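Data first, discussion second: the structure below is written as structure tokens.
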Amino acid sequence: FLIDMNGWNDHSFVPRIRFGFIAHNTGGGLPEKLVRPLFELGHSLVLDDLHMPSDLMREVVIGEGMGDLQAYEILNGGQGAFIVVRETDVRETLGFARQAGLDPRVVGTIVAAPKSGPYAEVLSRYTERKFRIVASESMRN
């Protein structure tokens, strides 16, 4: 899917859609792979429709007594990758992803950061509760 979308299968190497950002959601999870880079660009985000984590992930989170933030720091929570596109390209991107056999969705929205600094508001699919990540928490090394 990403090879085709970036135009790497075509000798012209012209992307079908220009991605603003791509993140494979592995070690470091949501805060490091999506939130931190967007904070560094001065953006905030609202993630209100994440994919549901697997039953096994939910069992681990409950069994280990993890909070929502910790769960999304350690596990991918069912989010394999994040792709940021312009709003005008969303429908086409979702269509191409479906044609490739993927189960894409719009998981949230990038919003303007307030003067107090960027934030991410996340609806946890582990607990169905909202939690917030602020720049100082996300920027830890």
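Evaluated over the Cα positions of segment 76-141, the convex hull gives a direction-averaged projected area, one quarter of its surface, of 6.1 nm². Using Cα-Cα distances under 8 Å and only pairs 6 or more residues apart, what relative contact order does the chain have, in percent? Here the relative contact order equals 33 percent.
For V111, the residues whose modelled amide H falls within less than 5 Å of its own, excluding neighbours fewer than 5 places apart on the same chain, are S44, L45, V46.
The slack in the chain from R105 to R132, taken as 0.36 nm per residue of separation less the alpha-carbon distance, amounts to 7.6 nm.
Rolling a 1.4 Å probe across the protein heavy atoms gives the chain an accessible surface of 60 Å² per residue.
Can you compute the FRET efficiency between I17 and D49 using 1/(1 + (r/R0)^6), with r the Cβ-Cβ distance and R0 = 25 Å? Round to the nearest 0.05.
0.75
Projecting label points 7 angstrom from Cα along Cα→Cβ for L56 and R91 puts them 3.8 nm apart. According to the Kirkwood relation over distinct C-alpha pairs, the hydrodynamic radius of segment 1-117 is 15.7 Å.
Using a probe of 1.4 angstrom, how much of the accessible area of the chain is carbon and sulfur, in percent?
That share works out to 52 percent.
The values are calculated or read from the model by the stated rules, or taken from the named source; none is laboratory data. The structure presented is a predicted model; accordingly, all values stated were derived computationally and were not measured. Reconstructed Cβ throughout: ideal geometry from the backbone, glycine too, with neighbour counts over all protein chains shown. The protein model used for the area step is the full one, side chains on, heavy atoms only, and it has no ligands, DNA or RNA in it. Shrake-Rupley method; radii C 1.70, N 1.55, O 1.52, S 1.80 Å.
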